[in-house]
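Notes follow once the structure below has been shown.
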Amino acid sequence: MGDPRVQAILDRALAEIAGARSTTDLEQIRVRVLGRSGELTGLLRSLGAIPAAERPRVGQQANQAKGEIEALIAEKLAALKGAERERALEAERLDLTLPGRRIPPGPVHPVTRVQDEIIEIFEGLGFSVAAGSVTKSKSSKT
């Protein structure tokens, strides 16, 4: 038969681990049960107050309970992290059916602005502007 103190801590921890909804809840349970001043840690530290005949049995049960709690916490933590990751990915999912965002045109480049002013001045003087490309041919030296 198990020690009632160890069994009570184990039962309470297992119920709380099963009911944990987030990784922070699970971490709080871990700290409260297995932390530096946790319930099970306190029981292990108080083994000296237990009669010598019962110490090995209670110590062994407490260590088994500690291992079981750590394993369940690790298992539940992996499941919760996976679920949280899935929720985060679902929240960040892009809707590819939506139209893209239009990028507003930026300001006119300073060189283009000066070129437009020069053209405006020459057109005001009566000149016309011809647009086109000039091709350069390579001159061959012989």
Pairing a residue in the range 75-103 that is within 12 Å of T23 (Cβ to Cβ) with any residue that is open to solvent by 100 Å² or more (accessible area, probe 1.4 Å) and of a type in the set (D, E, K, R), where Cβ atoms lie under 9 Å and the two sit 6 or more apart in sequence or on different chains, gives L80/R21
Those residues of the range 44-74 which are free of Cβ contacts under 8 Å to residues at least 24 places away in the same chain, part of a helix (DSSP H, G or I) and open to solvent by 70 Å² or more (accessible area, probe 1.4 Å) amount to R45, A49, R55, P56, Q60, N63, Q64
Of R21, R36, R30, the only residue that is under 25 Å from the mean Cα position of the chain (by Cα), modelled with pLDDT of 80 or more and in a loop (DSSP other than H, G, I, E, B) is R21
Pairs returned, first residue in the range 1-12 that is at pLDDT below 85, second residue that is assigned to a loop (DSSP other than H, G, I, E, B), beta-carbon separation under 8 angstrom, 6 or more apart or interchain, are D3/E54
Just to be sure, is G82 more than 16 Å from A8 (Cβ to Cβ) and under 33 Å from the mean Cα position of the chain (by Cα)?
-> yes
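Look at the range 75-100 and say how many of its residues are open to solvent by less than 90 Å² (accessible area, probe 1.4 Å) and among the aliphatic types (A, V, I, L, M). Working first, answer last.
Start the filter on the range 75-100 by keeping residues that are open to solvent by less than 90 Å² (accessible area, probe 1.4 Å), which leaves 76-80, 82-84, 88, 91, 95, 100.
Subset that is among the aliphatic types (A, V, I, L, M): 77-80, 83, 88, 91.
Summing the residues that are open to solvent by less than 90 Å² (accessible area, probe 1.4 Å) and among the aliphatic types (A, V, I, L, M) in the range 75-100 gives 7.
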Expected output for the range 29-43 (first residue farther than 11 Å from I9 by Cα, partner open to solvent by 30 Å² or more (accessible area, probe 1.4 Å) and not in a helix (DSSP H, G or I), Cβ below 6 Å, 6+ apart or cross-chain) is none
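The values are calculated or read from the model by the stated rules, or taken from the named source; none is laboratory data. It should be emphasised that the depicted structure is a prediction, and the values quoted were computed from it without experimental measurement. Every residue, glycine among them, receives a Cβ derived from its backbone with ideal geometry; neighbour counts consider all protein chains shown. These accessible areas exclude ligands, DNA and RNA; they are computed on the full protein's heavy atoms, side chains included. Shrake-Rupley method; radii C 1.70, N 1.55, O 1.52, S 1.80 Å.
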